[in-house]
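*Asks:* Below is one structure. I have some questions about it.
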Amino acid sequence: MTPLDPPNPPLTRKDFTSDQEVRWCPGCGDYAILAAVQRMLPELGVRRENTVFISGIGCSSRFPYYMNTYGFHTIHGRAPAIATGLKLANPQLDVWLITGDGDGLSIGGNHLIHVLRRNLNLQIILFNNRIYGLTKGQYSPTSLLGKRSPSSPMGSVDNPIAPAAFALGCGARFVARGIDTDAKNLIATLKRAHEFQGTGFVEVFQNCPVFNDGAFDHFTAKDVAAQQQLHLEHGKPMRFGDNKGLRLRPGSLDIEVVTVGEDGVTEADLLVHDETNRSQAFLLANLDPPTFPVAVGVLFRSDENLVPFEVGMHEQNKQARARGLGDLNALMRKGHTWKVDADPSADPAG
Amino acid sequence: MDTFASTNSTSQRELIESVVIRFAGDSGDGMQLTGSQFSDTTALMGNDLSTLPDFPAEIRAPAGTTFGVSGFQVHFAAHDIMTPGDAPDVLVAMNPAALKVNLRDLKPGGLLVVNTGAFTAGNLKKAGYDKNPLEDSSLDGYRLLKIDITKHTLQSVESFGLGNKEAVRAKNMWTLGLMMWMFGRERESTAEWLRGKFAKNPNIAEANIAALNAGHVYGETAEMPQGIHAYEVPKARLQEGHYRNVTGNEATAWGLLTGGKLAGLELVLGSYPITPASTILHTLSNLRAYGITTFQAEDEIAAVCAAIGASYAGSLGITTTSGPGLALKTEAIGLAVSTELPLVVVDVQRGGPSTGLPTKTEQSDLLFAVYGRNGDCPLVVLAASTPGDCFTMAVEAVRLATKYMTPVILLTDGFLANSAEPWKIPDINSFEPFPVKHRTDPAGFHPFLRDPQTLARNWAIPGTPGLEHRIGGLEKNYDSGNISYDPDNHHKMVKVRAAKVAGVADDIPLQKIDQGDDSGDLLVVGWGSTYGAISSAVLGARKAGLKVSHAHIRYMHPMPKNLGEVLKRFKHVLVPEMNNGMLVKLLRSDYLVDARGLNKIAGQPFKIAEIEAEIRGLLASS
């Protein structure tokens, strides 16, 4: 698709802010993500009228109401399916899909699988707060084992899913992670997702101050962030904290944490991030504190250039219509047909 | 229709007015192909016809069993006919199971053609026969034509060097050839069809054609038993025009495309395979050149959601399904009602509840279509009454969906979907176009601004500068389209959505009396695929002097404005339906009439006689 010219004069954050009062709880991580997106869009040079936010149901899915673009707040879990129809009808549109851990991975898990494997050219931001907020605090498919909630008073025995690993398993071609409060890196990651020709999947760790406060503090709090976050950069060794790094344990496919300068380990021993390596991305998606840091940034970006679904479909439409739109009158007269004359004497019946 | 009065002449063709033939065999015997080839040829020869395919849900049930029997009934005549016929005059039974299942339907004295080659001890046992019915007196009430079709077929294809399995398979073509001789059908179009179907394997095509010809030659040369000979069914007097055979699902597909063209819109079909709706998906997937994008979704919900997304983008979203799929789509249809987006949902009804009878017909989704969603959730419901009418009503569905910014459910059923009839091909240039205008003017815009006449909201689509807006399933403020939880506003919005759909009644034809006088003793009211059976039954009753009329409803919600008044001009109202009483409930509750139901829930269409008997009984007892 040919990109549209950027708006002239350039737009500002304010241009992307709707007149609706934002109704998330005070301190909700959603505010930070909203602000990041509203700051980022003018930098992308996209047009408001060409930008569409599609969401499902849940706290995060109120997002479109606050964006002064086109927006559709749909039904629980189905945003990927609605977005698929939207892109099939108009592949030119720049579509952002807003979902959460419940919306995208529980009730809408099926649709998320298929939008990812089809590689539609759109961006998905999955707000992961590991809880159902809008229904008042039940455990979600990303809640950790043992999570106590109104529907799991004895602690959840429901084994959680890792969204990034799920996406990779579905055949996603761009998988990244960000943190609600880390606007700088979040914006950079979202821009990369937007630039990708295909489905850009971004999981954002988002704090719910009311029902799951501090769920990510063990790697997002200021005092531990440097030690517990691995910021991925393509082509760079995987270093974090004070001289820490990741390498493959010799003779295995397992990752281990090492300290550069100890036990003869040098930077040359560390894994170098290769965004295009899906197997490595799987390993990174499953790293959890306290043993490992949490990998953030772009975990995987396919370099296979799979044609996005809607582009492939439109190529077929073009092929089918190479000689112009079909003539329905002719179509219905193809094959076995016969004519009956007006003159009854020409008809031997009776 | 006692058309088989025997004559002594075997050399000359006996002229008959109409005949009903049923081909029956194993689901692997190719009976559907045999039947449809016979029908196509019959249509080309100028007879009116109606067909009833009847097959099991299993693709290949174990051979020789009664539950694996597949049948195809065709009724053709030298005059107008409207049903596939109550009872066959001719039954072709390819094996004992087919005989066992179908014999009870054959008319007394009817012609029974059996393939003795399949009446082996094993097959007889599988069909539940203790002894061979061909060898006792149990078939004495019929005119029996016993032929070892298997043996004759093998002889006819001997020179082609086929394997035994493939050679035996040609027996349906041998049988078709015999029946084509008996009823004076030409074989050329079938030969042509075989050459096309087996284009990559001409040897198989020629072997099948040889079998077809051999069956025909057998008829011409073999000594037939007393009372069995050849017939001629002269052409019917059809209205002037260009005709073809059409099934309901084909007509639906073409109607949707025609609607899209008249609206000036691209179509996007989201669909998930389901019997008996899948052939609409197949047909449209082949017709992308005609302004449609077809999308096989991951499930029924995704299918309707993709259609809604497409409508949001400014195309017309369509989804095609059957009952279980409609159940899954209901929440999304509610979203389309709430966001007031156009959407066409085709429900090809089948036996329910749950998985029910996937390959059998029923009319049991009516109340579900009209009422089956959470909240006060009105939409337009249409119903096609014949295979050809599926075309007209599909065009109507597109017109009303786009004009009123509403979902429209078009109800057809398994009988209409698969059954074929000669259809006068319409000229789409003769239809009045109904071009859609997307809003572009930002002055005074909000997404729920309404046309004062139709109450339809304006359709503003992404990509339009200055009209950026948000919609969703939450309640909207009447005056701005923004989210609103205001109690009075919700009341107003529920009322306005209802008024919009109710207003469609001003835009549809008044209810007409399809047959008979405007008033009288009894009005038989039907909807959907019962049209032919009711029409023929009423014709019979009227010939007997009864004051009966027939009205067939195609606009199920809202109903035509004059319907209540039409009903009240008759002393009695009878509502035959293939369900446990649905339209009858609507009529009773909406119009306070003492309508009575006649219900058949057997997975099979009504027989004319069943309805005629009810009419006579009702009038005799009143």
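*Asks:* Report whether or not B:Gly323 is out of contact with any helix residue (DSSP H, G or I) (no Cβ under 7 Å at 6 or more places or on another chain) and either facing chain A (nearest Cβ under 10 Å) or surrounded by 24 or more Cβ atoms within 10 Å (Cβ to Cβ) (or both).
*Replies:* For B:Gly323, the condition - out of contact with any helix residue (DSSP H, G or I) (no Cβ under 7 Å at 6 or more places or on another chain) and either facing chain A (nearest Cβ under 10 Å) or surrounded by 24 or more Cβ atoms within 10 Å (Cβ to Cβ) (or both) - is met.
*Asks:* Next question. Just checking, how many residues over the range B:175-190 are in contact with a Leu (Cβ under 7 Å, 6 or more places away or on another chain) and either surrounded by fewer than 18 Cβ atoms within 10 Å (Cβ to Cβ) or within 21 Å of B:Gly28 (Cα to Cα) (or both)?
*Replies:* Total satisfying the criteria: 4.
*Asks:* I'd like the full set of residues that are at the interface with chain A (Cβ under 8 Å from one of its Cβ atoms) and part of a helix (DSSP H, G or I), limited to the range B:260-302.
*Replies:* B:Lys261, B:Arg288, B:Ala289, B:Tyr290, B:Ile301, B:Ala302
*Asks:* Restricting to the range B:240-282, and then to whatever is within 12 Å of the chain's Cα centre (by Cα) and among the hydrophobic types (A, V, I, L, M, F, W, C), can you tell me which residue is farthest from B:Lys403 (Cα to Cα)?
*Replies:* Selected residue: B:Val246.
*Asks:* Related question: Against the condition more than 9 Å from chain B (Cβ to nearest Cβ), part of a loop (DSSP other than H, G, I, E, B), among the hydroxyl-bearing types (Ser, Thr, Tyr) and within 26 Å of B:Thr330 (Cα to Cα), how does A:Ser106 come out, does it pass?
*Replies:* Details: more than 9 Å from chain B (Cβ to nearest Cβ): yes; part of a loop (DSSP other than H, G, I, E, B): no; among the hydroxyl-bearing types (Ser, Thr, Tyr): yes; within 26 Å of B:Thr330 (Cα to Cα): yes.
No.
Conditions (1) touching a residue at least 12 places away in the same chain (Cβ under 8 Å); (2) among the acidic types (Asp, Glu); (3) assigned to a helix (DSSP H, G or I), marked per residue:
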position: B:Pro576; (1), (2), (3): yes, no, no
position: B:Asn579; (1), (2), (3): yes, no, no
position: B:Arg588; (1), (2), (3): no, no, yes
position: B:Arg596; (1), (2), (3): yes, no, no
position: B:Gly603; (1), (2), (3): yes, no, no
position: B:Phe606; (1), (2), (3): yes, no, no
position: B:Ala609; (1), (2), (3): yes, no, yes
position: B:Leu618; (1), (2), (3): yes, no, yes
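*Asks:* Can B:Leu257 be described as touching a helix residue (DSSP H, G or I) at 6+ places or on another chain (Cβ under 6 Å) and either away from chain A (no Cβ under 12 Å) or part of a helix (DSSP H, G or I) (or both)?
*Replies:* Numbers: touching a helix residue (DSSP H, G or I) at 6+ places or on another chain (Cβ under 6 Å): yes; either away from chain A (no Cβ under 12 Å) or part of a helix (DSSP H, G or I) (or both): yes.
Yes; evaluated as a whole, the condition is true for this residue.
*Asks:* Enumerate the pairs (first residue in the range B:305-319 and facing chain A (nearest Cβ under 7 Å); second residue anywhere and basic (Lys, Arg)) with beta-carbon separation below 9 Å, excluding pairs fewer than 6 apart on the same chain, so at least 6 apart or on different chains.
*Replies:* B:Cys305/A:Arg78; B:Cys305/B:Lys329; B:Ile308/A:Arg78; B:Gly309/A:Lys87; B:Ala313/A:Lys87
*Asks:* Which residues, counting only those in the range A:78-103, are of a type in the set (D, E, K, R) and either more than 9 Å from every other protein chain (Cβ to nearest Cβ) or farther than 23 Å from A:Lys191 by Cα (or both)?
*Replies:* A:Arg78, A:Asp94, A:Asp101, A:Asp103 - these are the residues of the range A:78-103 that are of a type in the set (D, E, K, R) and either more than 9 Å from every other protein chain (Cβ to nearest Cβ) or farther than 23 Å from A:Lys191 by Cα (or both).
*Asks:* Answer yes or no as to whether B:Glu331 is closer than 28 Å to A:Phe309 by Cβ and at the interface with chain A (Cβ under 9 Å from one of its Cβ atoms).
*Replies:* Yes.
*Asks:* Okay, next question. Among (1) modelled with pLDDT of 95 or more; (2) closer than 27 Å to B:Asp80 by Cβ; (3) in a loop (DSSP other than H, G, I, E, B), there is one condition B:Ala236 misses while meeting the rest; what is its number?
*Replies:* Tallying (1) modelled with pLDDT of 95 or more; (2) closer than 27 Å to B:Asp80 by Cβ; (3) in a loop (DSSP other than H, G, I, E, B), B:Ala236 fails exactly one: (1).
*Asks:* Within the range B:417-475, work out how many residues are touching a residue at least 60 places away in the same chain (Cβ under 8 Å), more than 30 Å from B:Asp48 (Cα to Cα) and not in a loop (DSSP other than H, G, I, E, B).
*Replies:* Residues flagged as touching a residue at least 60 places away in the same chain (Cβ under 8 Å), more than 30 Å from B:Asp48 (Cα to Cα) and not in a loop (DSSP other than H, G, I, E, B) within the range B:417-475 amount to 3.
*Asks:* In the range A:224-342, which strands (runs of 3 or more DSSP E) lie fully inside it and hold 2 or more residues that are free of Cβ contacts under 8 Å to residues at least 60 places away in the same chain, surrounded by fewer than 17 Cβ atoms within 10 Å (Cβ to Cβ) and within 14 Å of chain B (Cβ to nearest Cβ)?
*Replies:* A:337-340
*Asks:* Additional query: Return the residues of the range B:175-201 that are part of a helix (DSSP H, G or I), within 14 Å of chain A (Cβ to nearest Cβ) and in contact (Cβ under 8 Å) with a residue 60 or more places away in the chain; say none if nothing qualifies.
*Replies:* B:Ser189, B:Thr190, B:Trp193
*Asks:* Continuing with this model, one more query. Which residues, counting only those in the range B:330-350, are of a type in the set (A, V, I, L, M, F, W, C) and in a strand (DSSP E or B)?
*Replies:* Answer for the range B:330-350, where residues must be of a type in the set (A, V, I, L, M, F, W, C) and in a strand (DSSP E or B): B:Leu343, B:Val344, B:Val345, B:Val346, B:Val348.
*Asks:* What number of residues in the range A:187-232 are touching a Lys or Arg at 6+ places or on another chain (Cβ under 9 Å) and of a type in the set (D, E, K, R)?
*Replies:* Qualifying residue count, the range A:187-232: 2.
One line per residue, one yes/no per condition, for (1) in a helix (DSSP H, G or I); (2) surrounded by fewer than 24 Cβ atoms within 10 Å (Cβ to Cβ):
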residue: B:Ala369; (1), (2): yes, no
residue: B:Gly375; (1), (2): no, yes
residue: B:Val381; (1), (2): no, no
residue: B:Cys390; (1), (2): yes, no
residue: B:Ala394; (1), (2): yes, no
residue: B:Ala397; (1), (2): yes, no
residue: B:Val408; (1), (2): no, no
residue: B:Leu411; (1), (2): no, no
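*Asks:* Can you tell me which residue in the range A:23-59 is farthest from the other protein chains (Cβ to nearest Cβ), limited to those that are at negative phi, surrounded by fewer than 15 Cβ atoms within 10 Å (Cβ to Cβ) and over 21 Å from the mean Cα position of the chain (by Cα)?
*Replies:* A:Pro26
*Asks:* Quick check on the range B:113-125. Is at least one of its residues out of contact with any Leu (no Cβ under 7 Å at 6 or more places or on another chain), surrounded by fewer than 23 Cβ atoms within 10 Å (Cβ to Cβ) and either at pLDDT below 95 or closer than 30 Å to A:Ala342 by Cβ (or both)?
*Replies:* No, the range B:113-125 contains no residue that is out of contact with any Leu (no Cβ under 7 Å at 6 or more places or on another chain), surrounded by fewer than 23 Cβ atoms within 10 Å (Cβ to Cβ) and either at pLDDT below 95 or closer than 30 Å to A:Ala342 by Cβ (or both).
The values are calculated or read from the model by the stated rules, or taken from the named source; none is laboratory data. These numbers come from a predicted model, not from an experiment. Counting neighbours? That spans all protein chains shown, and the Cβs are built from the backbone with ideal geometry, glycine included.
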